[in-house]
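Beneath this line is the structure, given in structure tokens, with notes to follow.
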Amino acid sequence: MKLKLIYSFCIVLLASMAFSQDCEQIARDCSKYLEGKAGEKKFISDGQVYTAFLDREKAEFKTTLYGGSTYRIAASVGRKENYVIFTVKDSEGNVLFTNRKYKNAPYWDFEVANTIQVLLETELDTDFKVTGCAVMLIGFKQ
Amino acid sequence: MRKIFNYLVPTLFAFGTLMSCDGDGKEMDPDIKDPNKTLMTKFDNKVFSIPSPVQTSMLIKQLNLPFYSDILNDAGNVSGYSTKSAQALNLGLYGTDLGYSALYNESSYSLKYLSAVQKLSKKLGLSGAFDKSFMKRVEDHLSNQDTLMMLVSDAFMQGDMFLKNANRKSDAALILAGGWIESMYILSEINIKKATPRIVERIGEQQWTLVSIIDLLSEYNTKGANDELIGDLHDLQFYFDKIESKYTYVEPTTDVENKTTMLNHKLEIKIDTDILNQISMKIRSIREKITN
């Protein structure tokens, strides 16, 4: 009985360690997308890392994009660039953007004239990958 | 011994399998053959996003308003924050004050708030994000606002990642809440000193973020530790619900070559002066509870 408990504990511990390390590395890789091109002003991170373990479901969250700013939304599941699909919707459900239309581009910029509340949906492109840690980052500049 | 071996081998195998699933992923996961099979439960069902308080400071700076040092929290108060929740809330709060001072090139204030941020992050076990090398880089770039903003925001991002990975989401939530409350306080106090339509508008735009803050604190409300703060924020929400906003969808336009989409919608916000005053008073009282 004791051994079973130790075994279960080890599995949970090792799995969470592996997952954390995986996500951390992906977040580091993803943060490079916020740097932008040489000579251009870099995007400032909003200070948060959005992670979700995706299988065949979508992860979603709401955020506010302020008017007068340019935002960069970046998504990654690792070094391969085009495994994540992200979609931006407004509060009425209108699709404002999806990277699915642009070969699952790993990042996209948004020029925001007026403040807006958006819903960000993330899912894996199951043609390539069916499970994994997905990381999203949001950067901005004015 | 044999029993141990029986458990150890599959454990190591499972670990090896997990570790081998690195960031690259596989070209095609074999499990796709069975689309109905659920491989693992979700790690983090709810994801919350709170806009950076740095953006509030950027707006204030853009409006050419003077630097008001008197509205910021005294960096000397830092030693008085003894509970974990007070430390986390005030870490967010000082982070906002640091961003505001840095944007105005107020080096002496920036250094004071940097020191307060470092002290609180050490108490919260976040020294890795605000270590000596970070301090050195900040000191080297004190007069460069852009780099400074980048360094501080990246350090908060590292801290956020560390806390989430360590399953300390409650602390991460309080840091975000503290940062937001201070940015709201700065906005409303500046508006009292010098009424500015763009600032009033920005206060009105916080109604959605307030909902996210309440949801976030409620989700990670360990043993009811956030009950009082959540109650206060609900009171604040009562006034925010009276703000009128009208959103009109307009189709966005996309520049594929530059990977840029222009969001063309319209938004109108109307706030009654009495409501604005009530919001300012409530924010002041919430902030006072956190800083004292």
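A few points about this structure:
- Accessible-area order (highest first, 1.4 angstrom probe) of the listed residues B:His141, B:His234: B:His234, B:His141
- Accessible surface of B:Leu126, taken over heavy atoms with a 1.4 Å probe and every protein chain present, rounds to 10 Å².
- Between the listed residues B:Tyr109, B:Pro252, B:Thr209, the Cα displaced farthest toward the positive end of the dipole of region B:13-291, a dipole computed from Cβ unit charges relative to the Cα centre, is found at B:Tyr109.
- Take each residue in B:191-197, count the other chain C-beta atoms within 10 Å of its C-beta, and the mean is 0.
- With viscosity 1.306 mPa s and temperature 10 °C, the Kirkwood radius over alpha carbon pairs of region A:20-85 converts through Stokes-Einstein to a diffusion coefficient of 117 µm²/s.
- Remark: mean inter-chain Cβ contacts per residue of B:200-209 equal 3, using a 10 Å Cβ-Cβ cutoff to other protein chain atoms.
- With every protein chain in place, region B:13-291: carbon and sulfur % of accessible area (1.4 Å): 51 percent
- Here the scattering of region B:13-291 is modelled by Debye summation over its C-alpha atoms, one equal scatterer each and no solvent; at q = 0.12, 0.16 Å⁻¹ the log10 of I(q)/I(0) is -0.86, -1.29.
- For A:Leu96, distant residues with modelled amide H under 5 Å away: A:Val88, A:Lys89, A:Asp90
- Association of chains A and B removes close to 6800 square angstrom of accessible area from solvent, both sides included, for a probe radius of 1.4 Å.
The values are calculated or read from the model by the stated rules, or taken from the named source; none is laboratory data. None of these values were measured; they are calculated from a predicted model. A quick note on method: Cβ atoms are made from the backbone with ideal geometry, for glycine too, and the neighbour counts reach across all protein chains shown. In case anyone asks, the SASA skips ligands and DNA or RNA and just uses the protein heavy atoms, side chains included. Shrake-Rupley method; radii C 1.70, N 1.55, O 1.52, S 1.80 Å.
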